[in-house]
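Contents: one structure, followed by commentary.
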Amino acid sequence: MINKKVANVSEAMEGVKDDMTLMVGGFGLCGIPENAINNLVKMNVKGLTCISNNAGVDDFGLGLLLHKRQIKKMISSYVGENDEFERQMLSGELEVELVPQGTLVERCRAAQSGFPAIFTPAGYGTEVAEGKEIREFNGKMYVLERAFEADFAFVKAWKGDAAGNLIFKGTARNFNPAMCGSAKITVAEVEELVPVGSLDPNQIHIPGIFVQRIFQGEKYEKRIEQLTVRKKA
Amino acid sequence: MLDKIGIAKRIAKEVKDGYYVNLGIGIPTLVANYVRDDIEVEFQSENGVLGMGPFPYEGEEDADLINAGKQTITTLPGASFFDSSLSFSMIRGQHVDLTILGAMEVSEEGDIANWKIPGKMVKGMGGAMDLVASAQNIIVAMMHTNKAGESKLLKKCSLPLTGVGCVKKIVTNLAVLEVTEDGFKLLERAPGISVEDIKKATEGQLIVDGEIPEMVL
C-alpha cells in the first residue's frame, strides 16, 4: 500500500501558492471540500484561477475566497445566487469564463485521461464557440474544447483510506471524481478516513492512484442552499 | 389563458410510459407533479441522480441529496447516483428521452436563448447548452410574452443563444406550437384564447392550418 495520508489540512495543502490554478469539486454547496476552502482563506493565497461548477454563496464555499479578493478568474457553468460575485464580475474586477456544465466536467476528465481536447456539440452556434475549431462529424457540428491544466485539485469524498481510495455519497459525488488526477496534485478530504482494507474494492468509486494526499476533514457544516420539504400528511 | 401550473399540466401529457426525462428549473420542475401515475417515468437531474422523488419530509432532508436547482430531494426505489461526467453522457449520448426547459426567447427556426441578458443578468448556462445541443425531443415551457408584453416567439432571437435549431415544441400560457421548417405551427389554443390572440402575441411566422382545437388538460 502506498500511503497518501497526511496529518492535517495544512500539510495537505503544502505548495499552494499565489497565481495557481485550482480545481475545486462540488455542485452548489453539495460535496465541496470545505476544509481545503477554509484553509485557502487562512493561507491568504491570491491571484487564483478556480475551476469549479459554481462559486459558492456570499458567506460559504468559494464565496469566502471571492469576498477576500483571492480569486482572479473563475471558470464555472453557473454563478447565480452570489451577489458579491455578480458585483465583481460586472465591475470587471473578476475575470469569468462560463463553460457549459457537460463541457466543464469533460475538460477535467480529458486532463485526467490524457486527452488534449474533446469535441462536443454543446455551445455550437453560440458565443461559447467563438474562436474555437468547429468540425462536422456525421452531419452534426462540434466544438473543440481543450483539457484543463491545473496545479491542484481539491475534492471531497464520504469515505476514504490511506491508499487514497474514495467513495462518494449521494449527489455529493458530482464533479469530484472527474477532478481526481486532473491536476498535478490531487488533495482529497474525507468525512471518514477508514483503515486500509476495510473498504470493499467492488465499491470504490475512485482508485487511490488518482489521489496524492488524503486527510480526514476536521468538521463539515454541509450547508443546504435551498431547503425544500413537504409536510407529513 | 393558462397559469404556470396549467402549462406544467399540459406538458405532463407529453411524458410517455418508459421515458427518462430531464426537467429544467422553474415551470419544468412542476411537470413532475402532473404526470399520469399509471405510467413509469424516471426523472434525471444533471448533478447526478436518476429516479428522483418528491421533496423530503420536514426534518428528513439530506445535504448530500439535492437536484440541479440545489433543492433537497428524495429518491425512489430503483434510483441511482453518478458523477457529472456520466450524467452528461446520458444527456449528450441521447439516452434521455425528453428535455423540458424554460426560455427567454425562441426563434421560428428553433433557436433558443435562456442564459444571459448582456449587462444585466449573467448567471451562466449551467447544463442548458449541453441539453439543447443533444436532446432529440425538447419542449420549451414559457410565457408567450415577456413582462413588457413583447412576444418571446421571434423571427430571430435578440439575446445570446443557448443552442441553434433545437426546439421542437413550445407550450405557453396561450398555445401549443410545433417548430417546423416554415415557422411556428399552431397546434392547440389555451382555454378562452382565440387564434387572433395568439397571432397578436407571436412575432415569428405563425402557421394556422384549419380548425385549431382547444387544449385538453
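Return a yes/no flag: does the range B:107-115 have any residue that is closer than 22 Å to B:V41 by Cβ, small (G, A, S) and in a strand (DSSP E or B).
No.
Considering each residue of the range B:67-79, count those that are part of a loop (DSSP other than H, G, I, E, B) and over 14 Å from A:N174 (Cα atoms), and give that number.
Residues that pass the stated criteria total 2.
Looking only at the range A:133-145, count how many residues are more than 10 Å from chain B (Cβ to nearest Cβ) and surrounded by 14 or more Cβ atoms within 10 Å (Cβ to Cβ).
Going through the range A:133-145 one residue at a time, the tally reaches 2.
Which pairs turn up if I take residues in the range A:79-90 that are surrounded by fewer than 20 Cβ atoms within 10 Å (Cβ to Cβ) and look for partners that are assigned to a helix (DSSP H, G or I) with beta carbon separation below 8 Å, at least 6 apart in sequence or on another chain?
If the second residue must be assigned to a helix (DSSP H, G or I), the pairs left are A:E84/A:G63; A:E84/A:L66; A:E84/A:H67.
In the list B:G102, B:G110, which residue meets the criterion of being at positive phi and among the small types (G, A, S)?
B:G110
Please determine whether any residue of the range B:121-129 is at pLDDT below 95 and β-branched (V, I, T).
Looking through the range B:121-129, at least one residue is at pLDDT below 95 and β-branched (V, I, T).
Determine if the range B:82-99 includes at least one residue that is closer than 17 Å to A:C30 by Cβ, of a type outside the set (G, A, S), in a loop (DSSP other than H, G, I, E, B) and within 12 Å of chain A (Cβ to nearest Cβ).
Checked the range B:82-99: at least one residue is closer than 17 Å to A:C30 by Cβ, of a type outside the set (G, A, S), in a loop (DSSP other than H, G, I, E, B) and within 12 Å of chain A (Cβ to nearest Cβ).
Is it true that B:L186 is modelled with pLDDT of 95 or more, in contact with a helix residue (DSSP H, G or I) (Cβ under 7 Å, 6 or more places away or on another chain) and assigned to a helix (DSSP H, G or I)?
No; evaluated as a whole, the condition is false for this residue.
Here is a list of conditions, (1) more than 15 Å from B:N114 (Cα to Cα); (2) touching a strand residue (DSSP E or B) at 6+ places or on another chain (Cβ under 8 Å); (3) surrounded by fewer than 23 Cβ atoms within 10 Å (Cβ to Cβ), and B:G149 meets all of them except one; can you say which number that is?
Only one criterion is unmet by B:G149, namely (2).
I'm checking my understanding of the structure. Among residues of the range B:100-109 that are farther than 18 Å from B:P28 by Cβ and crowded, with 22+ Cβ neighbours inside 10 Å, which one is farthest from the other protein chains (Cβ to nearest Cβ)?
Among residues in the range B:100-109 that are farther than 18 Å from B:P28 by Cβ and crowded, with 22+ Cβ neighbours inside 10 Å, the one farthest from the other protein chains (Cβ to nearest Cβ) is B:E108.
Give the residue that is nearest to B:G126 (Cα to Cα), with candidates limited to residues of the range A:16-32 that are away from every other protein chain (no Cβ under 14 Å), surrounded by 12 or more Cβ atoms within 10 Å (Cβ to Cβ) and of a type outside the set (A, V, I, L, M, F, W, C).
A:T21
What about B:I112, is it within 14 Å of the chain's Cα centre (by Cα), within 11 Å of another protein chain (Cβ to nearest Cβ) and either modelled with pLDDT of 95 or more or under 21 Å from B:I5 (Cβ atoms) (or both)?
yes
Pairs needed: first member in the range A:213-226, closer than 17 Å to A:L62 by Cα; second member anywhere, of a type in the set (A, V, I, L, M); C-beta distance under 6 Å; at least 6 residues apart or different chains.
A:K222/B:A63; A:R223/A:L29; A:I224/B:A63; A:E225/A:L29
Which one of B:D130, B:D64 is touching a helix residue (DSSP H, G or I) at 6+ places or on another chain (Cβ under 6 Å), acidic (D, E) and outside any loop (DSSP other than H, G, I, E, B)?
Only one candidate qualifies: B:D130.
Please state which of the following conditions A:V45 fails to meet, knowing it meets all the rest: (1) within 24 Å of A:E97 (Cα to Cα); (2) at pLDDT below 95.
Condition not satisfied by A:V45: (2).
Can you find a residue in the range A:169-188 that is within 12 Å of chain B (Cβ to nearest Cβ) and part of a strand (DSSP E or B)?
For the range A:169-188, residues within 12 Å of chain B (Cβ to nearest Cβ) and part of a strand (DSSP E or B): absent.
Would you check which residues across the range A:82-111 are facing chain B (nearest Cβ under 8 Å) and among the small types (G, A, S) and list them?
A:G102
Could you tell me whether B:T72 is buried (at least 17 other Cβ atoms within 10 Å of the Cβ), in contact with a Pro (Cβ under 6 Å, 6 or more places away or on another chain) and polar (S, T, N, Q)?
yes
If I ask for residues that are surrounded by 17 or more Cβ atoms within 10 Å (Cβ to Cβ) and in a helix (DSSP H, G or I), which ones from the range B:19-33 would you list?
B:I27, B:P28, B:T29, B:L30, B:V31, B:A32
Of these, A:I71, A:I75, which one is touching a Cys at 6+ places or on another chain (Cβ under 8 Å), crowded, with 24+ Cβ neighbours inside 10 Å and at pLDDT 95 or above?
A:I71
The values are calculated or read from the model by the stated rules, or taken from the named source; none is laboratory data. Being a predicted model, the structure only gives us computed values, none of them experimental. Here Cβ is always computed from backbone atoms with ideal geometry, including for glycine, and neighbour counts include all displayed protein chains.
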